[in-house]
Amino acid sequence: SHRFKMKTSRPALEVVELCASCHADKDFHNIVGSTGPQAEAVDTYKDTIHYRILRFGGTDTADCLDCHATENIHDIRPASDPASAVNANNRGNTCTAGECHVGAGTNISTIDSHLSKHSDRGPEIHIVELCMEGIMFATLFILFLLMGMETYGRLRNRDARFFRWLRKPKPLSGTPPPEQQGTGTIPNLHRHVDFNPKGDYRRYSTHIVINHFLMMLAFTVSVVTGLPLFFHNAEWAHTVVHLMGGIDMTRLIHRISAFVFTFDCVYHLVVLLVGTVSKLVRGTFDIRRTQVPLWKDVKDVYFDFRYFLGLEKQRPKMEKFMYKQKLHYLAMVWGCSVLTLSGCCLLFPETMVEYLPFPKISFNILRLMHAEESVLAFLVIMLW
C-alpha cells in the first residue's frame, strides 16, 4: 500500500532476491513440482549479463518483472498461458518493450535468457562448456609441457638463461671438425660470446610496433574491466568496478577498449595483406618466413623434445618463426576471432540475431564463449 501511495518500487536487485526467495528454494520446487529448467530458473538467470550488471548497481537491464509480468506487476503467468508475457507468441513484444531491445526483429524472441543446461532445452550450452573446458585443459597442458621440457633441457645442459650471469665468454679454441663446420654447428655457441643484442637484429617495423602496443593496451584494459563481470560475486570485483567509477563507466571503458582491440585486428590484417601482395609482386615471398604452419614445424617439435631429453646433440634449425611462435600466433587468431564475434553479440544483440545462422543456438554459444575465452586468454598470458 505504501509503495502504491508513494509511487515507489523495489530496486531491481531486490526484486530478483524476492523472487529467488521462493523460486530458488528446493522445498518450493518439491511442493509445486518444478523440475528441469523451471527449477534452474534462478541459477540460470544469475549467469546472464542482466543479473551481473544488476549486481554492480546497473539500471539499464532486465529483472524478473521486466520479462515475466505485464503492466500489472501481479499478472505473472506460466509460459504455457496465451496471456503470459513470456508465451512464445508474446515474447517478441516483451523483449522490445520499454527501453529494452528497441527495434529488434522477431528473432530476438527465440533467444532464451535462461541458458539452461537441461537436456530438453539447450543441450548445446552444456556441450560448448565441455568443449571450452577441454580447450582450456589442452592449452594449459601443452603450455606447461613445452615450458617444462625446455627448462629441464636447459638445466641439464647448463646452458639455461638462468645461468647467463654465472658465465663469462670463453674464447673458441681449435678448429671444429669438418662435420661441425658451418652455421649452428658449434654446441652451446652462446657460451663463447658476450650476449648483447643491441644492433644485432633488424628492428620491428612501425606497423608491428603499433600493432603490439595497441594489442597490449586493449587487452589489459579489457581484462581489468571485463573480469569483474565474470567474477561478479567476488568482493575484489566490486572494488575494481568502484575504482573505475561504477558499472556504467566500467562498461563504457570496456567498449572503447573493445573498439581499439577490433581496430587493431583489422589494421593487422590490412598490413599483412598489403605486405604479402607487395612481396608476391617483387618475387620475394617465402612461405617459410611466415606464420603458416608447415610439416617442418611438426618435425621441429619432435626433434626439440629429443634434444631436451638428451637424445639429440643439438636443437633443429628453426625457420624465422619457430613452432612456439606459430602456436602463439594461431592462439591469437582464434582468441581475437571469438572475442570479436561474441562481443558483437553482447553489444549488438538486435542486429546479430538477424544475421547469425541458427541464432537460437549460435547466439547462445557465442555469448557464453566470450567469458570463457577471456578467462583462457588471461590465464595463458599471465602464466606463459
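Observations on the model:
- Accessible surface area normalised per residue over the stretch 236-384 is 61 Å², counting heavy atoms of protein chains with a 1.4 Å rolling probe.
- Here the stretch 291-384 exposes an accessible surface that is 72 percent carbon and sulfur, computed with a 1.4 Å probe and the other protein chains kept in place.
- Distance between the stretch 310-384 and the stretch 35-110 - C-alpha centres, whole angstrom: 31 Å
- Computed with a 1.4 Å probe over protein heavy atoms only, the accessible area of MET244 comes to about 50 Å².
- For VAL271, the solvent-accessible surface computed with a 1.4 Å probe is close to 40 Å², ligands and nucleic acids excluded.
- When CYS95, CYS345 are compared by accessible area at a 1.4 angstrom probe, the order from most to least is CYS95, CYS345.
- Listed by chain and number, the aspartates and glutamates placed with their C-alpha closer than 16 angstrom to that of LYS279 amount to none; residues fewer than eight positions away on the same chain are left out.
- Largest first, the residues HIS23, HIS328 sort by 1.4 Å accessible area into HIS23, HIS328.
- Heavy-atom accessible surface of the stretch 33-123, averaged per residue, reaches 55 Å², computed with a 1.4 Å probe.
- Shown in residue order for the stretch 229-234 are the 3J(HN,Hα) couplings computed by the Karplus curve 6.51 cos²θ - 1.76 cosθ + 1.60 at θ = phi - 60°: 5, 6, 9, 5, 8, 7 Hz (x for Gly and Pro).
- Calculated from backbone phi, Karplus (6.51, -1.76, 1.60) coupling profile of the stretch 61-72 in Hz, x at Gly/Pro: 8, 9, 9, 4, 5, 4, 9, 9, 10, 8, 4, 8
- Counting heavy atoms of the protein chains alone, LEU356 has an accessible area of about 30 Å² for a 1.4 Å probe.
- The HN-Hα couplings worked out from phi for the stretch 352-368 by the Karplus form 6.51 cos²θ - 1.76 cosθ + 1.60 (θ = phi - 60°) are 5, 5, 7, 10, 6, x, 6, x, 4, 8, 5, 5, 4, 5, 5, 5, 6 Hz, whole numbers, x standing for Gly and Pro.
The values are calculated or read from the model by the stated rules, or taken from the named source; none is laboratory data. These numbers were taken from a predicted model, which means no experiment stands behind them. These area figures cover heavy atoms from the full protein model, side chains too; ligands, DNA and RNA do not enter into them. Shrake-Rupley method; radii C 1.70, N 1.55, O 1.52, S 1.80 Å.
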